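Taking it in order: structure first as structure tokens, then the write-up.
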Amino acid sequence: MTDSTATEMDAIEIADFLETQRTGVLSLAKDDDGYAIPVSFVYDDAGPHVYLRLGFAPGSQKRKYLDETAHGSFVVYDETDEGWKSVVVEGTFEELSSSTLDSAILEAVNSLEIPFLSVHKRPVDDTQFAIVRMTITTVNGLLEGKSKR
């Protein structure tokens with residue numbers, strides 16, 4: 001029989017995990033409404049920052065919620081050989097231009113794979129892209145492994 005165990009990840013384990021992942025769930029809020037979407041990201045522990053390349057179609061819900069969110073959260077999770085790992089990042093957002101970014105960060109952000117799905121039946125040409133930096137204010141990680149009894 002196995003029991004589930006949960007242990008907190010330390011700062012090095014969190015950074016190592018975030019550096020190997022490329023997708024997570026961004027959670028935003030407007031008034032009393034929440035909005036969460038899966039997005040691709042790049043982690044930079046020098047900030048620490050999470051960089052997102054977001055696409056906005058005309059009338060984008062994502063744009064409306066991002067503009068209204070002063071402090072949001074971002075969740076990254078994956079099943080590993082050790083068990084489930086999850087990291088919750090909280091922070092503030094800033095939209096950046098390509099010219100203000102370090103070249104290594106810009107290259108990493110531009111190489112993110114973003115699936116072009118026709119969710120709203122709009123041409124991709126109508127989509128505007130922006131690079132958003134999330135400055136991390138708090139981060140917590142958890143490893144949910146299994147121990148044998």
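The residue pairs whose first member lies in segment 32-56 and is touching a residue at least 12 places away in the same chain (Cβ under 8 Å) and over 18 Å from ALA130 (Cα atoms), whose second member is part of a strand (DSSP E or B) and aliphatic (A, V, I, L, M), and whose beta carbons are closer than 6 Å, counting only pairs six or more residues apart or on different chains, are TYR35/LEU28; PRO48/ILE136.
Can you spot a residue in segment 73-81 that is part of a loop (DSSP other than H, G, I, E, B), surrounded by fewer than 16 Cβ atoms within 10 Å (Cβ to Cβ) and modelled with pLDDT under 75? No, segment 73-81 contains no residue that is part of a loop (DSSP other than H, G, I, E, B), surrounded by fewer than 16 Cβ atoms within 10 Å (Cβ to Cβ) and modelled with pLDDT under 75.
Of everything listed in (1) at pLDDT 90 or above; (2) more than 18 Å from VAL76 (Cβ to Cβ), the single unmet condition for VAL39 is (2).
Scanning for something over 28 Å from LEU142 (Cβ atoms), assigned to a helix (DSSP H, G or I) and free of Cβ contacts under 8 Å to residues at least 60 places away in the same chain, does segment 88-98 turn up at least one residue? Yes, the conditions are met somewhere in segment 88-98. For VAL25, the stated conditions do not hold, so it cannot be described as surrounded by 15 or more Cβ atoms within 10 Å (Cβ to Cβ) and β-branched (Val, Ile, Thr).
Got at least one residue in segment 104-124 being within 19 Å of the chain's Cα centre (by Cα), exposed (fewer than 15 other Cβ atoms within 10 Å of the Cβ) and at pLDDT 90 or above? Taking every residue of segment 104-124 in turn, none turns out to be within 19 Å of the chain's Cα centre (by Cα), exposed (fewer than 15 other Cβ atoms within 10 Å of the Cβ) and at pLDDT 90 or above. Selection of first residues in segment 17-30 that are basic (Lys, Arg) and of second residues that are part of a helix (DSSP H, G or I) and surrounded by 16 or more Cβ atoms within 10 Å (Cβ to Cβ), restricted to Cβ pairs under 6 Å at least 6 apart or on distinct chains, gives the following pairs, ordered by first then second residue: LYS30/TYR65.
This table checks each residue for (1) over 25 Å from LEU106 (Cβ atoms); (2) touching a strand residue (DSSP E or B) at 6+ places or on another chain (Cβ under 7 Å).
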residue	(1), (2)
ASP32	yes, no
TYR35	yes, yes
PRO38	no, yes
GLY47	no, yes
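Filter segment 4-26 down to the residues that are in a strand (DSSP E or B) and within 9 Å of the chain's Cα centre (by Cα) and list them by number. Those that are in a strand (DSSP E or B) and within 9 Å of the chain's Cα centre (by Cα): THR23, GLY24, VAL25, LEU26.
So, ARG63, is that one modelled with pLDDT under 95, farther than 22 Å from VAL139 by Cα and surrounded by 16 or more Cβ atoms within 10 Å (Cβ to Cβ) or not? Considered against the rule, which asks whether it is modelled with pLDDT under 95, farther than 22 Å from VAL139 by Cα and surrounded by 16 or more Cβ atoms within 10 Å (Cβ to Cβ), ARG63 comes out as yes.
Per the conditions (1) without any contact (Cβ under 8 Å) to a residue 60 or more places away in the chain; (2) farther than 20 Å from THR92 by Cα, the sole criterion not satisfied by GLU68 is (2). Scoring ALA46 on the criteria (1) in a loop (DSSP other than H, G, I, E, B); (2) in contact with a helix residue (DSSP H, G or I) (Cβ under 6 Å, 6 or more places away or on another chain); (3) among the aliphatic types (A, V, I, L, M) leaves a single failure, condition (2).
The values are calculated or read from the model by the stated rules, or taken from the named source; none is laboratory data. Model, not experiment: these values are computed from the prediction. Methodologically, a virtual Cβ is constructed for each residue, glycine included, from the backbone with ideal geometry; neighbour enumeration extends over all protein chains shown.
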